[in-house]
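Down below is the structure, laid out as structure tokens.
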Amino acid sequence: MNEMLKQASVELSRRPAMRQADPSPLTPPRVLPPEHPRVLPRKIGVLLLNLGTPDATDFWPMRRYLKQFLSDRRVIEVPRLIWWPILNLIILSVRPGRKGKDYASIWNNELNEGPLKTITRSQAEQLAARMGDQESVVVDWGMRYANPSTESRILALQEQGCDRILLVPLYPHYAAATTATAADEAFRALMKMRWQPAVRLAPSWHDDPVYIKSLAASIRSHLATLDFEPEILVTSYHGMPQKYLEKGDPYHCQCQKTTRLLIGELGWPKERVMVTFQSRFGNDPWLQPYTDKTMEALGQKGVKRIAMIAPGFSADCLETLEELEVENREIFEHNGGEKFAYIPCLNDSEWGMDVIEHIVRRELMGWI
């Protein structure tokens, strides 16, 4: 045994000496030349995206907003040769004044902005606070139409060192005219960038359990404040042309599924809840039943008490505060209805923020 140990010792002594490990586990930072662009610490951006709102309610800001919105080929799929003269010679001459009055009726005069902008900003601020445990995450918000633009906020995130960005279109249900066009606008901004960040796009959450439970909790809470028991709960979703469904858009099916899951979560009989579609535009057939026609029919059939909610909107806006709460209330009451309650969107409530935080944390997996 002693002879073997001696032989091993001789063999080891003949081998080259191993290089001694560096006592410091950290590599000294590389010194950049003085003319090199500034390199920021790597961060992750979260960009909440919503539809948009005009910068003011008078004619020209309304016209700019409507022109940008109604020129979007995802929104209006009419051939340009037909649509251009209709839009520029007729619609943009008449509609800005009328819609400006509608916006003025719901305008946030304190901040001089539409409620959609106020709520979306608050959602971003609250999300940033909730994500405080992740120092590398930067939260921002932008709009598809008008301001702040999607491009400006992507650039702002990159300037803060974000080399990865999660895009979160704030639409629970996918539609080409909402989710897809928000993504298109972001991708157009990326096409102009020399150093593109890595990008993820959050999918719709129409059947996510957190979303369904939050809707149900909001409904129960608001119904508890009423002095009446609604006979019918109407879930009103933004409409779209019927031909978009026939071309393969999944929006209609996702809306139906949300209401079906909501009925189950509430534990109500399905006859007590209805699906309708609002905000139709133009002469083509849109998804039915129409919300306004349903309000008229319910009142005429003797229904006296209804509640309404818009599950497809993550924030209250013109289509909910003016069209549903004002116009459709009047239609219902003028046709024999007596009690009408509009249940607000989830907005920046605890329920709404639970949904947004859940979606963001889920989609950031692997990055944080």
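Values in this text are rule-based calculations from the coordinates and carry no lab data. Quantities reported herein were computed from a predicted structural model and do not represent experimental measurements.
Would you mind checking the pairs Lys99/Lys339; Lys67/Lys99; Lys301/Lys339; Lys67/Lys117; Lys101/Lys243 and listing those with alpha carbons more than 22 angstrom apart?
Lys99/Lys339; Lys101/Lys243
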Can you list the residues, at least 5 places off or on another chain, whose amide H is less than 5 Å from the amide H of Tyr290, using H built in the peptide plane? Phe277
Two-decimal ratio, segment 128-287, of alpha-carbon radius of gyration to 2.2 N^0.38 Å: 1.26
Give me log10 I(q)/I(0) at q = 0.09, 0.16, 0.20 Å⁻¹ for segment 209-343, Debye formula, one equal scatterer per alpha-carbon, no solvent. -0.25, -0.82, -1.28
Geometric extent, Cα atoms of the chain - Rg, Dmax (angstrom): 27.4, 110
Taking amide H positions as placed 1.01 Å from N in the peptide plane, with prolines and chain starts having none, which residues 5 or more places from Val234, or on another chain, fall under 5 Å of its amide H? Met274, Ala307, Met308, Ile309
With runs of 4+ DSSP H residues as the only contributors, calculate the mean residue ellipticity of the chain at 222 nm using -39,500 (n - 2.57) per run, divided by the residue total and rounded to the nearest 500. -12500 deg cm²/dmol
Between Rg and the Kirkwood Rh of segment 41-80, both from Cα atoms, what is the Rg to Rh ratio? 1.20
Please work out the Cα center distance from segment 238-253 to segment 326-368, rounded to the nearest Å. 21
